[in-house]
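The structure follows.
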Amino acid sequence: MTDATSGGLSAAAQPKSSLLQPSRLMKKRNAAETRFKAYGIAAIVLSLATLGFMLVTIFSDGVSSFFQAKLSFPVELTARTLDPKGNRDRADMVKITTLGYNKVLAVAFEKELAARGIAIEGQSAKDVVEMISKDAAGSLRATVLANPSLVGSTLDATVLATGRIDGYLKGRVTMQTAERDSNVTPAQLQLADKLREAGMLTSSFNWGFLTMPDASDQRPEAAGLGVAILGSAYMMLLVLVTCVPVGVAASIYLEEFAPKNFWTDAIEVNISNLAAVPSIVFGILGLAIFINFAGMPNSSTLVGALVLSLMTLPTIIIATRSAIKAVPPSIRDAALGIGASKMQSVFHHVLPLAMPGILTGTILGLASALGETAPLLLIGMVAFVDNYPAAPMEGFLDPATALPVQVYGWAQRADPAFIERSSGAIIVLLVFLVAMNVLAILLRRRFERRW
Amino acid sequence: MTVLFLLIVVAVLAGAAFVLCRQRVMASVQGDPKLLHSLPMYYGWNGTIMVLLPALGGLVLWLLIQPMVIEGRIAAALPPDMMAAGGSMDLVMSDVRRVAGGLDVAVSTGAMTAQQAATISTESANIRDTLAAVGVALGADVSPAVLSAAQDYRVMTAWGMMGRTILTVLLALGGLIYAVMITNRDFRARNRVEAAVKGLLIAASSIAVLTTVGIVYSMLTETLNFFAQYPFQGFFFSLTWSPNFRGDSELGILPLIWGTLYITLISMLVSVPIGLYAAIYLAEYASKSVRAWVKPLIEVIAGIPTVVFGLFALVTVGPMLRDYFAEPLGWGDSGSSVMTAGLVIGILNIPFISSLSDDIINSVPQSLRDGSLGLGATRSETIRQVVLPAALPGIVGACLMAASRAIGETMIVVMGAGAAAKLSLNPFEAMTTMTVKIVGQLTGDTDFAAPETLVAFALGMTLFVITLALNIVALLIVRKYREQYD
């Protein structure tokens, strides 16, 4: 009673307010509400914009690495230089080094320029010839040695131009930068323009980027991802065959058989901790145990795959366990009820039903292993490798490199042409990752089952 | 017999065991499987397991023990002055192995007969030239002691190979015979097979523990090696990091810890507000369709390899910060800086914080929100005063996990933070972290006896302990929080 009167009095003392007319306090509160919501939207927009910006810069830097400037001109393979004994015997011709082929290329290039009437203004012949990549002689030599009968004939050769000329076609090198650059002169770039008009210098799709091995610092135009793609493929294969069976077996045990005891608890705690250990620590483990203790070869795909397997194991175990957990107990009860053993109920019923989930988790685990770099640096995969690893079994012990490591390796080089290559390698890596993720999503959509 | 061939032999025997055991048990019931204890297949599998288990176990043991035994005996036979005169045991042993390998090659290419290889001596021939002719390069001339050791090594290896083959085949055959003998209609084959499978499952699940043991063991031994050569106080309390190969390196961890923590701090300043606001918006405001699109898009960030972020830091963020902030403000002219690495790690951690916080916010009971809204609070007031306090322990846990990821992050700091170990407050200066130095000290030509290399293991151990501690604390906080509502 007293409460009601006192309430009434104080209400009367307050200034009049209406629900339809927001008070100043209410306006403030509503403004705070709007601001708060705006912060949320801003956070999302900011993070997505950063993601977009990053991908756009990398793609715009990298797409050009899929195109490459090439010079095409007829090369007369003079027998006098390339096969001085004149017997077309491969064993004798091997003695001619790339120096000899360089001479042949230089002569042919100058001859073609003269034939087309392209004037070389104010440049030495050496400058002109230097527009051809240092890689050209090597590849010409390989062609000739593969087929000695070519000697004496005239070959319509298409060879790489140097990285600077390539950069000029792509807009990375300009007249201004050329003046300050010791590797290219503005006169060379002017000549490049003329060659382009004459159709001798063209830019075409660069298959070599996907197939060729890495190249030295001076030849960015010849560097390719062949060894890295092969190395990554080997490692993924090995991770698949070592990690998946172990991971699935471990999950089955922990989910279906493990009694609640100290050992099981230790395993559980271990797995969740391993998932949080920095990846570089796995690299240290690989270096100390697999290379120094077990004496496995440095930078081999086998060691890389073992390290990545240990790293991926927790991911696969966690995914598999949740897939097994999602199979309802009624399935197990039904199997046990008609006389199956525990093992049979698991292997004949639970596991097939959990398979799509396991597969999805496996693909995602592999995708994260494919992008991992740090542990591979420690086991020596960043070394310069320009030989393809051999076919599987022995090839697993050969030194190789991996896609993300190649990205890092090229990013460390001085020549800006390698940054383009590095971004290009990321595009290749992201294409693989997107493909794997799409596959995982499709699998989930196709086989997902609601119980 | 090579190991591969041996494995094929064992596999063939295992296949034979399957067929034999199955046939025998079927014969014992005149082809009526209803009279058997288990399905016929189980009898076959039992046979296979009985062949594989002892044979492969024996083979693996032999492969592990043989090199130790042989090297022990060779080492005992070598004259003791060799150790004193020429370096360590390992070097001499690797010489012996290389010469023995060279002799093997020489025999297999036909440059030497087996007889010659066993009896050749340094007086009668120049071993180095002979081996160079077949493509085996030796560093120095072969001393008589090493040559005779190498010859002994070859003999023992040959014996070892023979012993290995005999042992493995005998074990496989023994297993086969035993399996066939015990196979009869009342034999409980299924139980036996299932026990073996269960053993396999237990072994697989123990690999996780073995990995942890391996990590701790490998880092601990090398760390102890390091502290045997370098004082404990110098590592933990020195303010300078300047390794060199003159022998007076200063390897203080403090500048590295400072760099690591500074970068982590900046990354948290980026990722926590953005991640948290994103999570709040997605959990409390976003419509279902917005959520269905935006949440996976943000998680795309988490799927991008860190080396991509590293390149982004190196090529885009670093120069941008330098040109628009550091140089105009006169704070430095370095492209790689604490700020660069911190910002990019912050971006990397956004999806991590946002999806963890999203889950936690969603698990706050709806009744709390309804109560607050019913009292007249606006949505943002509800979130700030009711939902977030209730979710706080979980969010703190998520932040700690994100911090541990930032501390252990490698590629972004290697490419974006620089390599100079400095104690400075300027965020636009290049500094370095523990992970950068681990990579730096362990790549390239490394000498595993020098403290400059071994320090990487001590750094790794420190990193491991810090991240583990952070994760355990985070886990405890999250667990405690869960108990309140479940």
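The values are calculated or read from the model by the stated rules, or taken from the named source; none is laboratory data. Just so it is clear, the structure is predicted and the values come from calculations on it, not from any experiment. Here Cβ is always computed from backbone atoms with ideal geometry, including for glycine, and neighbour counts include all displayed protein chains.
Evaluate the following for residue A:395: is it more than 27 Å from residue A:173 (Cα to Cα) and in contact with a Cys (Cβ under 9 Å, 6 or more places away or on another chain)?
Against the criterion (more than 27 Å from residue A:173 (Cα to Cα) and in contact with a Cys (Cβ under 9 Å, 6 or more places away or on another chain)), residue A:395 does not qualify.
Have a look at B:456, B:398 and point out the one that is in contact with a helix residue (DSSP H, G or I) (Cβ under 6 Å, 6 or more places away or on another chain), surrounded by 24 or more Cβ atoms within 10 Å (Cβ to Cβ) and more than 10 Å from chain A (Cβ to nearest Cβ).
Every option except B:398 fails the conditions.
State which residue is nearest to the chain's Cα centre (by Cα) when the search covers only the stretch B:295-315 and only residues that are within 15 Å of residue B:356 (Cα to Cα) and surrounded by 19 or more Cβ atoms within 10 Å (Cβ to Cβ).
B:301
OK, next. I'd like the residue in the stretch A:348-363 that is buried (at least 20 other Cβ atoms within 10 Å of the Cβ) and either out of contact with any Leu (no Cβ under 9 Å at 6 or more places or on another chain) or not hydroxyl-bearing (Ser, Thr, Tyr) (or both) and, out of all such residues, is nearest to the other protein chains (Cβ to nearest Cβ).
So the residue we want is A:363.
Which pairs turn up if I take residues in the stretch A:241-264 that are more than 7 Å from chain B (Cβ to nearest Cβ) and look for partners that are among the polar types (S, T, N, Q) with beta carbon separation below 7 Å, at least 6 apart in sequence or on another chain?
Cβ pairs passing all conditions: A:242/A:309; A:243/A:309; A:243/A:312; A:244/A:362; A:247/A:320; A:248/A:320; A:251/A:320; A:258/A:264.
Quick one: in the stretch A:32-78, which of the residues that are among the small types (Gly, Ala, Ser) and more than 10 Å from every other protein chain (Cβ to nearest Cβ) is nearest to the chain's Cα centre (by Cα)?
A:65
What are the residues in the stretch A:79-98 that are without any contact (Cβ under 8 Å) to a residue 40 or more places away in the chain, in a helix (DSSP H, G or I) and either under 20 Å from residue A:158 (Cα atoms) or not aliphatic (A, V, I, L, M) (or both), if any?
Residues satisfying the conditions are A:80, A:81, A:92.
Quick check on residue B:332: is it under 28 Å from residue B:251 (Cα atoms) and either modelled with pLDDT of 95 or more or touching a helix residue (DSSP H, G or I) at 6+ places or on another chain (Cβ under 7 Å) (or both)?
For residue B:332, the condition - under 28 Å from residue B:251 (Cα atoms) and either modelled with pLDDT of 95 or more or touching a helix residue (DSSP H, G or I) at 6+ places or on another chain (Cβ under 7 Å) (or both) - is met.
Looking only at helices (runs of 4 or more DSSP H) that fall completely inside the stretch A:250-354, which ones have 1 or more residues that are in contact with a Cys (Cβ under 7 Å, 6 or more places away or on another chain)?
Fully inside the stretch A:250-354 and qualifying: A:301-325.
Return the pair list, or none, for Cβ contacts closer than 7 Å from residues in the stretch A:370-394 that are more than 9 Å from every other protein chain (Cβ to nearest Cβ) to residues that are among the charged types (D, E, K, R), at least 6 apart or on different chains.
If the second residue must be among the charged types (D, E, K, R), the pairs left are A:384/A:214; A:385/A:214; A:386/A:214; A:389/A:398; A:390/A:398.
Ok, one more. Within the bounds of the stretch B:430-439, is there any residue that is surrounded by 21 or more Cβ atoms within 10 Å (Cβ to Cβ), at negative phi, among the hydrophobic types (A, V, I, L, M, F, W, C) and in a loop (DSSP other than H, G, I, E, B)?
Yes, because at least one residue in the stretch B:430-439 is surrounded by 21 or more Cβ atoms within 10 Å (Cβ to Cβ), at negative phi, among the hydrophobic types (A, V, I, L, M, F, W, C) and in a loop (DSSP other than H, G, I, E, B).
Select from the stretch B:233-260 the residues that are in contact (Cβ under 8 Å) with a residue 40 or more places away in the chain and in a helix (DSSP H, G or I) and list them in ascending order.
If the condition is that a residue be in contact (Cβ under 8 Å) with a residue 40 or more places away in the chain and in a helix (DSSP H, G or I), then B:235, B:254, B:255, B:256, B:257, B:258, B:259, B:260 are the ones that fit.
Can you pull out every residue in the stretch A:208-235 that is in a helix (DSSP H, G or I) and closer than 19 Å to residue A:131 by Cβ?
Residues satisfying the conditions are A:208, A:220, A:221, A:222.
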